[in-house]
Each structure stands twice: as C-alpha cells, then as structure tokens.
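A.B. asks: Got a structure here, written out as structure tokens. Questions coming.
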Amino acid sequence: MWSDLFWPQASCEASITKVFSKNILKPYTKNHLIRTIPISLALQDLLEERKRRSGLVFPSPHKKYIDQSNFSSRVWNCVLHSLVAEGEIRKRLRPYCLRHSFVTNIHHEHGVPFPTIAHLIGDKIETVIRFYSGTKPLTTQTFPNLY
C-alpha cells in the first residue's frame, strides 16, 4: 500500500509488514518479521509518476489485491510459455523462484553480505546461508582430512 512507502530525504523505502495470500490479508508476514527495503532509483521514478497517498501501489485490474492464482494463470504462465518457446528458459517456474534469483544475484553479482540479505528478505541469517550460499553442510564423510 502507499502507506507502506516512506520517502526520507532523496530516497524511498518500503516497509513489508503484512501479506496477502490465498485471498486473505494477514496483518503480519510469515515469520512475523518486519522488513524495510530500499527502493531502486528506477522504481522510485516509476512510483513518482503514479504517486498517490492511499490504496494499493500495484493493484489488480479491479483495483484490489493481486490474486496469486489469477496472476499465475493470466500473466505469469503466458510470459513463461513465451520464454520456454524462445529457448530463454528450460522450464516453467513459480513466481517464488524470483526470490532465489534475487538473493543469488545480489550476493554473488553485487557482493551484498548474507546478514543484509537476511534483513531484506525477512529471514534468519542461518536460513539464508543454508538455502542460498551454494554450500553443503560438512559431514564426517565430506570433512577434509587435515592431518
């Protein structure tokens, strides 16, 4: 919602405090953590063009919350079908896969440290390292013989 965006000085931040899932607006996130994320300059420009002070920032065509199922069937799957047909991607992915792409990109391509990423995506550092670092846990069989 527009009320979740903050414009301190020359920047913009979004505060993620709730989630709309399965046609239910929950007043908290999955893990009850509040996320404050910076908004890129390009997105700030887009938001400035649409700037309003109430309602949804990105509403559905009917000015309501975006329904995930409807979005997937009407938009997401159409885009993916084209990308698969053009050979750009190998298989259809769920929108949630963008989370993994985002984390992988900002860590490996831009060097953003895991504690910062954990804060941005509202997760624990241990969880981010476990799922996004590309490392496997050491076991007796995989631990190197140091002596």
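The values are calculated or read from the model by the stated rules, or taken from the named source; none is laboratory data. Bear in mind that the values here come from a model prediction, so they are computed numbers and not experimental data. For accessibility, only protein heavy atoms count, side chains too; no ligands or nucleic acids. Shrake-Rupley method; radii C 1.70, N 1.55, O 1.52, S 1.80 Å.
A.B. asks: For every helix of n ≥ 4 consecutive DSSP H residues, a contribution of -39,500 (n - 2.57) applies; sum these over the chain, divide by its total residues, and give [θ] at 222 nm rounded to the nearest 500 deg cm²/dmol.
C.D. replies: When only DSSP H runs of four or more count, the value is -8500 deg cm²/dmol.
A.B. asks: Would you mind telling me the share, in percent, of accessible area of the stretch 1-102 contributed by carbon and sulfur at probe 1.4 angstrom? Don't skip to the answer; put the middle values down first.
C.D. replies: Values: 4610 of 7910 Å².
In the stretch 1-102, the share of accessible area belonging to carbon and sulfur is 58 percent.
A.B. asks: Also, quick follow-up: Given that compact globular proteins tend to follow 2.2 N^0.38 Å, what is the ratio of the alpha-carbon Rg of the stretch 56-103 to that value? Mind showing how you got there, number by number?
C.D. replies: Values: Rg = 12.5 Å, N = 48, 2.2 N^0.38 = 9.6 Å.
Against the empirical 2.2 N^0.38 Å value, I get 1.31 for the stretch 56-103.
A.B. asks: May I pose another question? Where does the chain land on Rg(C-alpha)/(2.2 N^0.38 Å)?
C.D. replies: Values: Rg = 18.9 Å, N = 147, 2.2 N^0.38 = 14.7 Å.
That ratio works out to 1.29.
A.B. asks: Can you give me the accessible area per residue for the stretch 14-147, using a 1.4 Å probe, in Å²?
C.D. replies: 79
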